[in-house]
Each structure stands twice: as C-alpha cells, then as structure tokens.
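Chemist: Please find one structure pasted underneath; my questions will follow.
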Amino acid sequence: MSFLKQRGYLLSVVAIGAVLAFAACGGGNNESAGTTSPGASGAPSDLAPDSDQKMTMNIRAEPNTIDPQGQSYTYEATVVKNTYITLFDQDPKTTALTAYAAQDVPTKDNGGISSDGLTYTIKLRSGLKWSDGTPLTAADFVYGIIRGYNLNVSGAGYGGFITAIKGAKEALALDPKSATYVADVNAALKDSIVAVDDTTLKFVLANASVSFPYNLFLPITAAVKKSNVDALGDSFGQAAGAGQMITSGPFVVTEWAPKDHITMVRNENFTARHTAYLKQITAKVIEDRVQAYNAFQAGQIDLTEVPATVYPGVKDDPRVHQESEFGTRWITVDATLPPWNNKDFVIGINQATDREALARDVFFGTYKAYFAPCADTLFACDPSLFSNLDFNLDKAKASIVKAYPDGNIPDVTLDTLDDATSKATVTTLQSQWKQVGVNVKIVTTDQKTLRADLKNHVSGTQITGWGMDYGDPTDLWSIKTKDQIGANNLGFYDRPGYDALENKQDTTYDPNQRKDILTQLQQFYAADPADITFGVKQRTDIVNPKLKGLVTSSLDYEIFGDQFLADIYVSK
Amino acid sequence: MTGYIVRRLLWLIPIVLAITVITFALMHAVKGGPFDQGDGKSSVAAREALKAKYHLDKPVYVQYFYYVKNLVQGDLGPDLVNQGTSVNDILKANWKPTVALGLLSAGYVLIVGMGLGILAAIRRNSFLDYISVGFATIGASTPNFVLGILLVTVFAVELGWLPAIGWSTGWTDWKPVILPTIVLGSLPAAYIARITRASMLEVMSQDYVRTARAKGLREQVVIFRHIVRNAMIPVLTLMGPITATLVTGSFVVEFFFAIPGIGRSYVQAIIGRDYPMIMATTLLYAVVIAMANLVVDVLYSVIDPRIKYS
Amino acid sequence: MAERSPAVPSGVAVLDDLARPARGLWADSFHRLIQNRLAVAGLIVILVIGLAAIFAPVVAPYNYAQQFPGEFLKDPNGSHLLGTNQSGQDNLSRVIYGARNSLSIGIFVQFIILAIAVIIGAGAALGGKLTDNLLMRFTDIVYAFPDLLFVIMLQQVLAGTAIAGYVGGLFVVFLAIGLVGWVNVARLIRGQMLSLRERDFVIAAQSIGATRTRIVVQHMLPHTVGPVIVALTFGVPSAIFLAATLSFIGIGIQPPLADWGNMIFDGYSAVQVTPWPILAPAAALALVFLSFQFLGDGLRDALDPRAR
C-alpha cells in the first residue's frame, strides 16, 4: 500500500492529523478484546438476530473506483478485499500466505512450484461461485490477472507492479493508445497465465522469485467476470455500475451513493469460507476525522479512528483498541542532493532525531518510536542491525563533523503539508537537528507540489513511509533499487551493491540462506541509509462494544478488521 | 426591461468564454498534474498511458479546442479522478444537497440577518442593538467550522438531539439540515445584519422619513413602506452574490458535515488537478454569479422606480 | 449623534445657532467622531493592539517559534498564560506576533479593495450606460474568476522573488485576495450611487453647476459610506480566514510565523482537548473586530451630513 495518498483528504483546513500521506497494511501482533480467529467453526454463541446484523463504518475518503484492477488506495481496498477474492490471503497475525480461492499455498515440496522456480501450478477450491450463482473458474482468474496489465484500466493503480511473469515486461512496454492494445496484451501473456482446466491455473515466470506468490494476494489479481465487465463498460467499478457488479467475496455491493456511502450486503453465494455474519455494512465517507469521532459519539457510526490529540484522554477506555501498523514511517531524502548525498550526514541526522520525543509530543502516543526501516514482524528483519541509527546526540555530532569537517553544512528543507500535525513534526525536527548545527527551512505546500518538488530535486525531503503490500521482504527492499527510480524509489537511491543483494534474496528459496542475504542487505543499508525512519503508527480505533469478532490485524486498512469483515458480528 | 434581460443573458456567452480561457490557462500554468509520480503504484509507463488517454500530452491550445468542442455539445468531459464517470454525471448526482443547503442558508441569512439589522436600527443603542453587534462579532471572528464544532459538541454529542454528520434523505428528514444551515449562514447573516442596520440608519435620517412621520402615518407603515424599502438596496446588492456563494462555495461546511454535495468538488478538484472538474465547477460558479447579479439588478429597478434600464 | 434642537422662536437662540463656527464637512465630522465614546474606545483598542504588535519582541513573553518539549497542548499555567499549541509553542506570544501579520495585511488589503472599488463602482454608476455595462460585465468575470487557481499561480510565479517571502508568504496571498476581492464593495458603491443619482439634492447640485467631482465627493460619497464601512470592517477577518483556508491547498504563511487565521485552523483538530489554541487568536480577532465596528459606526455617524 505504499504511499497512501488520500485524495481530497488533504489535511485541510480542518487540520486533521493525517499528515503522513500513506497507508499501511500492517503485520504484527495485536491485542484486541473479544476476537475470534477467522473461519472459526460454527457461528458465535452470542450472535444477535439476523435483522440486527448491521454495521456502519467510516472509510474516510471516497474511492475513485472499486474495480479490483483499478484499485490503488487503501480505502478502495477496504471495499474490494471484501467483495472480490484472490488466490491467496494473508494470516492476520503472522502475515504468512494462506490459501483463499486456491486450495493450497504452492511450494516446491507440494509441486506447486517447479524445481527451477519458474512454473507455478495452483489448484482452485472446488465449488467457487459468483454472487449470481454461476461457477467461478480458472478462466475468470486468467481474465482478471491479464486485465491488470491493461494500463488503461490499472494505470492509476497497481498496473506495472508485477513484473516477474514471463511476458509482463513486454506487455507493459506496449502502447496503450494502440487500437489493438488489448489483443496485444493478451498475446504477450497468453502462454504465461493459463487456465489449464476449470480449476487449475498455471503461471510461467521470466525469472525465479520467492516473493511472487505474495503478489497473488493483491486485489489487482482478483478474478472478475468478463461478461459483467463487458456489460457495464465504463461503469464497472464506478458509482453508476456499483450495484450491478457481480462479486465473489463475502459481500456484494448494492449501492454507491456518490460522496455519501457504499452499501454492501452479505453474499449468500460466497463459498471460499463461511458466509458473513453481518447482513449489511454501510461504509460512510466522512473525511473530517474530528467529526468522524463526534459521529461515533453521537451513535451514527460503530467504529472510528481516535484522533491523536484525543488519545491520551481515552487511553483507558475499554472500547479503544490499538494495533501496530505493518510498515514504517520515515523521511525520504534525495540521495543526489547535498547534503543528503553524504552518507555520514544521513547517519548523523538519524542519530540526531529524538524519536521518543516525537512519539510523545507530536503523536501523543499513537506512534511508537522506531529506527529500523523494516517492521519487526517481517521475515528476517532485525532492528538491532540498525542500532547505529538510534538517537545519540554525541554520535550525531561526530557523524556530522565527519561529513562536513569544515562545518559548512548546506541548509536543509523540510517540505510538508499545512496541517497542525505535519507542522508539529517538522517544527520539532527543526529544533532537534539544530542541536547538531543543521539549519532547517520549513516549506508548507500542497500534495501535488510536494511530489513535484522532490521529483525535481527542489526540496530534497519528503515525509512518507512504506506500508507493506504483502508479507514478503521483497515488497519493502525492492523499492530502493535502481529499477524503481521514477516509480516508488522517490529518493533516487542508487547502489549497485544493494541491488545485487536485493535480487539475490528474491531468488533464494532456502529460508536460512535467504535470511543470511537479507541480513547482509540490512547491514549494507544501515551503513548507507536512504531515509530517516522515525516511527511505527499505532492504529488506534474506538469500537461499539456490541460489535464482536473483530479480527484485527496490522494488515488492516482504514478501519480495524476491515480485511475480515466477514467475521464481525453484532452481539446480543 | 425584457430587452435588458435578454441582452444580459446574451452577455453570458462571452463571459463564459472568457472564463474558460482564463481558467484553462491558469490550470495548466500551475505546477503538478492529475497523474503524478507517487500517487499509487504507477510506473512511468502507466502514467504516460493515462496522460495520453486524456489528451494531456497534446499542446494546451489543442486541449482547449477539444474542450470547447465538447462544451458546446453539453459534454463537460470525463472525470480524471473517478475514471469512467463523466463530470456531467457527478454534477447530476450531487447538485441537490448543495443547492438546497445554499437556499436554506440564504433564507436564514435574510430572516435572521435582516431581522436583527432592522430591530437594531429601530432600537438604536439599546440592548437589542448590542446583541446585534455581538452577533456580528461572533459571526465574523469565528470561522464557521469552529462554530460547527461547538454546535455539534453540544447538540449532537452531549444532547443527542441532532446528528453530527450527514444530510437529509427526503423532504421530511429535517434534523440534519439545521446545523449545516446555521453554520454556513452565520457569517453572511452577521454581515447582512450590520449592513441592514447601517443602511436603515442612513435612510432613517432622510427628510422624506420625517415628512412621513409628520404626515401622521403609523410608525410601522413608516418603517416598512419607506425605510426598509429604501434601505434594501445595499442588502439586495449583497444577497445576490451571497446566495451565489452559499450555493457554490459551501466547501468547508460540506466537508465538515460530510454532505454529499458538489461544494467540495471545486477545491478537491484543484488539489487533485482534476482539470475537467475544475473547468465545470468554475463555469457553474460563473453562470450562477452572473444570474444572481442579473436578478439583483432587475430587483433594483423594482424597488427603486427611479432606477431605469432601457 | 447630535440631535438638532427644535427651532425656538427666540431671537437669542437663533442667533446662538448662527454663532456656532462654520466648519467644513470633514472638520465637523472629525469633531463629532471624537465625541462618540464607543468609537474612541474602539480606536484606542486598535492603537494599543497595533503598538503591541509593533513592539512584539518586547511585549511577548517568548519568541513565537520557540518550542517547549513535553509541553504540547497545555492549558494556561504559570509559564504559559494562554497555554501552548500543538507545536509546543506559547499561545500568548503567537497571538501578539500574529497581530503584526494578520492585522497589517488585513487592513492593507482593504485599502486596495477600496481604491479599486470606488473607481469601478462610481465609474459604472455615473459613466453612462455603455461604461456601466462594460464595467459590470468585467466584474462578473472577475467575480467568477477562479481565485484559488489565481492565488496558486501567483504564488508559484512569484516563488523565489523577494515578494514571495514577504511576511512568510502571506503578502502574496493577501495581494491576490485584494486583486479579486473588490467586487462586492464595487457593486455596493454602484448600487448606492445609482439610487443617489436620482435624488433631489444631487439634481439640485447639478442644476447649479457643481462639477461632477464635487458632486461625487461632497454629496454622494458621504451617503455611501455606511454600508461600505461595514463591508470593509468585515473584510478584515474575512481576508484573514480566507488566507488561512488557502493553507489547505498549501498556500499560506510559512511556519513558524504566526497568523491568527492559521492559528485558529491549527487549533481545530485539538479543540476537544484544549480550546486555548483557538480561543486566544479568536478572542484577539473578536476584540479588534468589535473595535472596528464601533469605530466604523462612529465614522458613519460623523460623516452623515444630515446629523449636523
């Protein structure tokens, strides 16, 4: 989920907290009262009558689309993940891959992955259906996945993200304006994404990739029904066509009232797991976080985020739940611009950043101070490898002196959005970095200009971060490779040594060997970092106590448990 | 008079054209576009594909030509953010709450604002006058969302009498309408109250008022037939644009109360560089303003028969 | 407002009346203004706040940018008389420094607006049908002008120049507001003048050969003053808030500079935790606004030729 740019949600006038424009899907441990594990056999004993099984939530921003191949933002994923199934899902607690539409997770041992790692054979569960009762077959997955390579559909979202499949790079290089574009894309991929029969899928990769199966968790690889897409045309995924979309997940959309709400009801034809307990979910669009909180208190919605400033006052309220995000927040720096092109300077700034103070003062306890770029639950992530970046004023001064022995440190700019929390962040950083002799100029501007400024080497910094798209390390470490410059590598970080290690780890199937390589990668990065990680967001929500079965996960998007809405129920 | 009205309506055409040129030019002169790096996963190829799809790779004057060609056919273009939905459809789906809110607020402004202003002028320097001054002070020094938070905290959170967010779902659902109307109208009402008062005082000292009183007319007749009617000119002048602003510029209130109107569309479109939406909302605004001014000008001559247009 | 004493058929009283020194309209107005206690009080408050703003470094307890770690969003206490904001800065100091930025530019912009509005409004009302038509259609365009875009563009175009940095970027914003914000006042003036033009005393003045300028300045302008002063008075806080709203799209005063509008906007998300970050600047603004209202009322009364 990378940088969540919540469109329209710009910190606004109403100065609400969401400065750090990006979302995270998180992994990790969580404590949450009253949860049952997903797919627990049998309905809960305190299930209220069916007519009461209704829930209203806030998805915080209006989706641009709810087309699985068009999805890009987390608030869109909240809807899409509950209406369309993908081959795999992730375990809410461990983030490990689990079977969803597929029968099993493929491994070299069970034959799902060929010995050279280039061919994947995946069997679907039997009896999968569409919401209209018709059978869901492998051909539907083939159609959906190839559709994801049509940049006219997916260009604003995850189009171009999955490159391991054979023919993908060629398909992505085709001209989307061409009259034969769709046919050409199909031609490029028809031998690599194949429906062997109604329940068997085959993928052929261009190169071995350990992380590849995780891509089949992303909504862009969801199966979609071709006749439905053709019938709805441009309206597929838009408000006009939302009520007629034929879905495959625990819910089906019945209505999208533009700018107001999206209504989902239970899909009785959902067969991949137990049918949802909730009969109806109303997802309202309330962009003002303070007002969303007020709406919760007024009883209009059943759960919402707790604004950071409010948190200290409600910390002990049993309705409040907190969960670590699966991802980290950092300040990306432009590796080509002085002083950031000096690695000792970057290390020095890391050491000059008092993360505890930020977590306490700026975020009121809704952030955990953290200095490693990877979430501690991520495979092979070892935060202690980055301990040289921890706050230490003496070391910081020494590093800065090493970087600029003559003391002529260039000024640094912190670009940010103009809301109270962003300003508090940069103002605090400004005073902290002043302690080591670095002068910071603060510039507030709008979202688009922020991006443009970093891209054009004008600002040199951007407060952002990375929310994991899936639970494999490749998702994180690959964004710092040279390939990703122009895409997700915002800071122009370019290190051949790093790239070599990153490539190697994605092709090493043996976990122990892979761990070793990842350790080397992390050591490389700790000695030559591309950013200043400052924390991990603690998703803090307040929930109506009648709502049970909340399977909270660091993978959650906009609201608690939003990936597992099928397991939530209203209690008596 | 009809000739005058027709001529004014014809003037709309060059005005709208001028606005399209200015807006188009400004839009493209501003840094940042709808499909930039960092929004979503997009690779360079994907972004280029999107730009090409919406003709954004062509020179600006070519784009302008396409735009006008579609505009005269009533097609406001595709939305760049909700790709697959046209701007026409978005406006059609969401115009009602905005217009309703605007008109209700205008009513509030007129009744509360004007009422308070008239009372304050008649009972000059009395307690009522000071209330009007106080009303104006609060209305002007408290941005409307702060007033909103206050009202919501009291009436929605604490008392539970009114909802915190949302808009009415039908003619009988009146509760959600109250707070947004008050919040949106608070500043203009304060303004109109003061303008009314000032204008009334100005008129009250005129000779013809003294004459009317000397004639022995009842005070009420004097007030309404002579004073208020003449004092209305500046109030009218302002109600036109105020109503237009209320109808088209309710961004903050719509955002705050999560009202599904198009008031938010303008600002969000600018932030997201959604060109067709920026053009459409700007043009809508232009037409509404021009019409409001026309109505006001016509009303001038109705209220003050000495003002004539040929 | 001086009440005209009823005529007394006494030679002495009439002589007394005539014995009052004759004054020009403007001198007489000034004299009446200073007799209005509320107006004078308003003027004094404005002057005091103005002085505090000018001498801010001396008057304010702390620097407006100084952060106090561990003391973010605190209620008023011994070391922070009006509490601290979400960036850990002292509210009182920021209100005092904010007066400089918000007030000076808010008032300055009203002068720009007044100048343009008088020219256009009076010109339209008095210049004949064609001029009226052209000028009013021009204002229609300016009114419908995409102000937001204009401000963004102005800011981007001027970026890097000296003007852009003036008062932390706020000057550009207010300049833009002034350049497009004169329309209401212009229409107000035009409306009044259209009506006044037909009035007896104007026709009388014309018939005795008074020049256009004299008619406008001595006879018509004083009658338009009332509503126009109200408009300008309201214009100050409106401009302050409009400038703050623009920060939503990234145009605004650059931190750590303080500006009342931005302070109120920043304080919003924490208002249920502590209202002081909003209360302090809002109260200051209310005080100033109230003073302007009384002063404005006083000016209107003083300038009213009927109240001699």
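The values are calculated or read from the model by the stated rules, or taken from the named source; none is laboratory data. Remember, it's a predicted structure, so these values are computed and weren't measured experimentally. For neighbour counting, all protein chains shown are included, and Cβ atoms are generated from backbone atoms with ideal geometry for every residue, glycine included. For the accessible areas, the whole protein counts, side chains as well, though only heavy atoms, and no ligand, DNA or RNA atoms are used. Shrake-Rupley method; radii C 1.70, N 1.55, O 1.52, S 1.80 Å.
Chemist: Hey, what do the phi angles of region B:149-166 turn into as Karplus ³J(HN,Hα) couplings, whole Hz, using 6.51/-1.76/1.60 and θ = phi - 60°, x for Gly and Pro?
Modeler: 4, 4, 5, 5, 4, 6, 7, 9, 7, 6, 8, x, 7, 10, x, 7, 9, x
Chemist: Could you bin all the Cα-Cα distances of chain C into 10 Å bins starting at 0 and give me the percent of pairs in each, rounded to whole numbers?
Modeler: Each 10 Å bin holds this share of Cα pairs: 6, 21, 26, 22, 14, 7, 3, 0.
Chemist: Lys/Arg Cβ at +1, Asp/Glu Cβ at -1, dipole of region B:87-303 taken about the Cα centre: which of B:151, B:165, B:121 is farthest positive-ward?
Modeler: Checked the options; the winner is B:121.
Chemist: Report the charge-dipole magnitude of region B:2-72 in Debye, nearest 20, computed about the Cα centre from +1 at each Lys and Arg Cβ and -1 at each Asp and Glu Cβ.
Modeler: About 200 debye.
Chemist: At a temperature of 4 °C and a viscosity of 1.567 mPa s, determine how fast region C:164-246 diffuses translationally according to Stokes-Einstein, using the Kirkwood radius over alpha-carbon pairs as Rh; express D in µm²/s, rounded to the nearest whole number.
Modeler: After rounding, the answer is 87 µm²/s.
Chemist: Another one. Beta carbons within 10 angstrom, averaged per residue: use that to sort the peptides A:472-485, A:149-162, A:290-303, highest first.
Modeler: Answer by packing, highest mean first, reads A:149-162, A:290-303, A:472-485.
Chemist: Let me ask something additional. Can you work out the base-10 log of I(q)/I(0) for chain B at q = 0.11, 0.12, 0.15 1/Å, using the Debye formula on its C-alpha atoms alone?
Modeler: Values returned for q = 0.11, 0.12, 0.15 Å⁻¹ are -0.84, -0.96, -1.23.
Chemist: Given a 1.4 Å probe and no ligands, DNA or RNA in the count, how much accessible surface is buried by A and B, both sides, to the nearest 100 Å²?
Modeler: Adding both sides of the contact gives about 4500 Å².
Chemist: Turning to a different aspect of this structure: Evaluate the distance, in nm, between pseudo-label points positioned 7 Å from the Cα of residue B:123 and of residue A:183 along their respective Cα→Cβ axes.
Modeler: 8.3 nm
Chemist: Using DSSP to define loop residues, name the GluC sites (Glu not before Pro) in region A:237-333 whose beta-carbon has at most 13 other beta-carbon atoms within 10 Å.
Modeler: Sparse-neighbourhood loop GluC sites (Glu not before Pro): A:268.
Chemist: Moving on. Tabulate in residue order the Karplus-calculated ³J(HN,Hα) for region A:500-512, using 6.51 cos²θ - 1.76 cosθ + 1.60 with θ = phi - 60°, rounded to whole Hz; enter x for Gly and Pro.
Modeler: 4, 5, 5, 4, 5, 5, 6, 10, 9, 7, 5, x, 5
Chemist: For the protein assembly as shown, what are Rg and Dmax over the alpha carbons, in angstrom?
Modeler: Taking only Cα atoms of the protein assembly as shown, I get Rg and Dmax of 32.8, 125 Å.
Chemist: Also, I was wondering about something else. Quick one: Karplus J couplings for region A:59-65, per residue in order, coefficients 6.51, -1.76, 1.60, θ = phi - 60°, nearest Hz, x for Gly and Pro?
Modeler: After applying 6.51 cos²θ - 1.76 cosθ + 1.60, I find 8, 6, 7, 7, x, 7, 7 Hz.
Chemist: Turning to a different aspect of this structure: Could you pull out every residue, at least 5 positions away or on a different chain, whose amide H is within less than 5 Å of the one on residue A:108? Hs are placed 1.01 Å off N in the peptide plane, and Pro or chain starts have none.
Modeler: Long-range HN contacts for residue A:108: A:113.
Chemist: What is the set of long-range amide H partners of residue A:103 at a cut-off below 5 Å, with H atoms built 1.01 Å from backbone N?
Modeler: Here the answer is A:123, A:124, A:125, since their amide H atoms fall under 5 Å of that of residue A:103.
Chemist: Using a Gaussian network model of chain C with C-alpha springs under 10 Å, which one of C:153, C:136, C:263 is most mobile by mean-square fluctuation?
Modeler: C:153
Chemist: Once you wrap a convex hull around the alpha carbon atoms of region A:50-190, what is its projected area averaged over all directions, in nm²?
Modeler: Spelled out: convex hull of the Cα atoms, projected over all directions, averaged, 11.6 nm².
Chemist: Also, I was wondering about something else. Using the crude model of +1 on Lys and Arg Cβ and -1 on Asp and Glu Cβ, and no other charge, please compute the dipole size for region A:188-317 relative to its Cα centre, in debye to 20.
Modeler: Dipole magnitude for region A:188-317 comes out near 240 debye.
Chemist: How large, in percent, is the carbon and sulfur part of the accessible surface of region B:2-72 at a probe radius of 1.4 Å?
Modeler: About 71 percent, which is the carbon plus sulfur part of the accessible surface.
Chemist: Would you be so kind as to identify which of A:341, A:83, A:529 lies farthest towards the positive end of the dipole of chain A, taking Lys and Arg as +1 and Asp and Glu as -1 on Cβ and the Cα centre as origin?
Modeler: A:83
Chemist: Same structure, new question: If you wrap region C:69-147's Cα atoms in a convex hull and average its projection over all directions, what's the area in nm²?
Modeler: Working: hull surface 31.3 nm².
Hull-based average projected area comes out at 7.8 nm².
Chemist: Something else now. Can you pull the percent of region A:451-572's accessible area that's carbon plus sulfur, 1.4 Å probe, other chains left in place?
Modeler: On region A:451-572, the fraction of accessible area on carbon and sulfur atoms equals 49 percent.
Chemist: Using only DSSP helix segments of four residues or longer, with each worth -39500 (n - 2.57), what per-residue ellipticity at 222 nm results for the protein assembly as shown after dividing by its residue count and rounding to 500?
Modeler: That calculation yields -14500 deg cm²/dmol at 222 nm.
Chemist: Within 10 Å of each Cβ in peptide B:234-247, how many partner chain Cβ atoms are there on average? Round it to a whole number, please.
Modeler: Taking the mean over all residues of the peptide, I get 3.
Chemist: Can you give me the C-alpha center-to-center distance between region A:132-190 and region A:298-374, rounded to a whole angstrom?
Modeler: Taking the Cα centre of each part, region A:132-190 and region A:298-374 sit 37 Å apart.
Chemist: Additional query: Taking the alpha-carbon distance from residue B:175 and a cut-off under 22 Å, which lysines remain once sequence neighbours fewer than 8 residues away in the same chain are dropped?
Modeler: A:259, A:284, B:96
Chemist: Once amide H atoms are built 1.01 Å from N in the peptide plane, which residues 5 or more positions from residue A:255, or in another chain, come under 5 Å H to H?
Modeler: Those lying under 5 Å, H to H, from residue A:255 are A:263.
Chemist: Taking a ≥ b ≥ c as the square roots of the eigenvalues of the Cα gyration tensor of region A:148-210, is the shape rounded (a/c under 1.5), prolate (a/b larger than b/c) or oblate?
Modeler: prolate
Chemist: Report the convex hull volume per residue for region A:164-280, counting only C-alpha atoms, in Å³.
Modeler: Enclosed volume per residue, from the Cα hull, is 158 Å³.
Chemist: Rounded to the nearest 100 Å², what is the sum over both chains of accessible area buried where A meets C, with a probe of 1.4 Å?
Modeler: Roughly 2400 Å² of accessible surface disappears when A and C pair.
Chemist: Given a 1.4 Å probe, how much area per residue of the protein assembly as shown is accessible, in Å²?
Modeler: Accessible area per residue: 36 Å².
Chemist: About the Cα centre of the protein assembly as shown, what is the dipole size in debye to 20, counting +1 per Lys and Arg Cβ and -1 per Asp and Glu Cβ, all else neutral?
Modeler: In debye, rounded to 20, the protein assembly as shown gives about 4280.
Chemist: Which of the listed residues, B:272, A:141, C:227, is farthest toward the dipole's positive end in the protein assembly as shown, when Lys, Arg count +1 and Asp, Glu count -1 at the beta-carbon?
Modeler: C:227
Chemist: Could you tell me which of the pairs A:402/A:515; A:448/B:53; A:480/B:58; A:315/A:537 are separated by over 25 angstrom between their Cα atoms in the structure shown?
Modeler: Result: A:402/A:515; A:480/B:58 exceed 25 Å.
Chemist: How much accessible area is lost when chains C and B come together, counting both sides, with a 1.4 Å probe, in Å² rounded to the nearest 100?
Modeler: Buried: approximately 5600 Å² between B and C.
Chemist: Please work out how much accessible surface residue B:58 shows to a 1.4 Å probe, ignoring ligands, DNA and RNA, in Å² rounded to 10.
Modeler: For residue B:58, the solvent-accessible surface is approximately 70 Å².
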